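The values are calculated or read from the model by the stated rules, or taken from the named source; none is laboratory data. Keep in mind it's a predicted model, so treat the numbers as computed, not measured. Every residue, glycine among them, receives a Cβ derived from its backbone with ideal geometry; neighbour counts consider all protein chains shown. Calculation scope for accessible area: heavy atoms of the full protein, side chains included, ligands and nucleic acids excluded. Shrake-Rupley method; radii C 1.70, N 1.55, O 1.52, S 1.80 Å.
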Amino acid sequence: TNGEGSDSIVWNEEFTIKGKLDIAVAPENTYGTIDKESGEYELGALKLTAKANSGYRFAYWTVNGERIEDNTILEDNGKVLNYTVAGDAAIRAYFTPVTHKVTVKNPKNGMIAGSAEGTYNSNETVRWVAVPSNGYIIEKWIINGKDYSESNDVLNYTLTDEVEDIEVEVIFKP
């Protein structure tokens, strides 16, 4: 400059600020999936959706190790996280096994042997054996108050995600 003016620089290059997101399922990827992968994302709104695999249910999200409990950014029972990218972050979706409480009713005129009462994971098969008293035979099995089509002495039942808890009983007849 010669003292009469000022120097100026004009910068016409556009750039986008991004945040690097480390996105993963915890504790293991076999429990579920997230619809986005780790990578760089532009600052602003980002919707992430968690989907549980068979035998599991979505539990919660964390961002940088902090559990997200703000219902204003969660949808669909927490499965959808409306996150605002403001920089680098670690995002985790947690899943837990679907469990079922199994109750066995003591029958009249016999007993049920086999799988014990307790808690079982979804997709497990429980097995019961109906043991009638002398002079009795099996009439039917009942699961959750409804007749079950099996009339064999052995019942193998696979627990599914759709059923929470089950109660099993057997009816004997002379």
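Does region 14-115 come out rounded, prolate or oblate, given a ≥ b ≥ c as the square roots of the eigenvalues of its C-alpha gyration tensor, rounded meaning a/c under 1.5 and, failing that, prolate meaning a/b above b/c? Because a/c hits 1.5 or more and a/b exceeds b/c, region 14-115 counts as prolate. Simple rule: put +1 on each Lys or Arg Cβ and -1 on each Asp or Glu Cβ in the chain, find the dipole, and look at THR160, SER133, LEU81; the Cα lying farthest toward the positive end is SER133. For region 39-104, trypsin sites (Lys or Arg not before Pro) are listed when DSSP marks them as loop and at most 12 other Cβ atoms sit within 10 Å of their Cβ; the list is empty.
Rg then Dmax, both in Å and based on the Cα atoms of region 109-174: 12.1, 39. Remark on GLY110: its backbone amide H falls under 5 Å from those of SER133, a criterion applied only to residues 5 or more positions apart or on other chains, H modelled at 1.01 Å from N. Solvent-accessible area of the chain (1.4 angstrom probe, protein heavy atoms only): carbon and sulfur portion equals 45 percent. Students often forget the sequence filter, so: which aspartates and glutamates lie under 13 Å Cα-Cα from LYS108 once same-chain residues fewer than 8 apart are removed? Hits, sequence-local ones excluded: GLU139, GLU169. Candidates ALA90, PRO27, ILE171 compared by Cα position along the dipole of the chain: farthest toward the positive end lies ILE171, with charges placed on Cβ.
Shown is the FRET efficiency for SER54 and ALA86, computed with R0 = 30 Å from the Cβ-Cβ distance and rounded to the nearest 0.05: 0.30.
Only Lys, Arg, Asp and Glu carry charge here, each on its Cβ (+1 for the first two, -1 for the last two); on that basis the chain has a dipole of about 1140 debye about its Cα centre.
Looking at the calculated P(r) for the chain, what percent of the C-alpha pair distances fall above 24 Å?
On the way: 8743 of 15051 pairs.
The proportion of pairs with Cα distances above 24 Å equals 58 percent.
Whole-Hz Karplus values for region 165-174 come out as 10, 10, 10, 10, 8, 10, 10, 10, 9, x Hz, taken residue by residue from phi with 6.51 cos²θ - 1.76 cosθ + 1.60 and θ = phi - 60°; glycine and proline positions read x.
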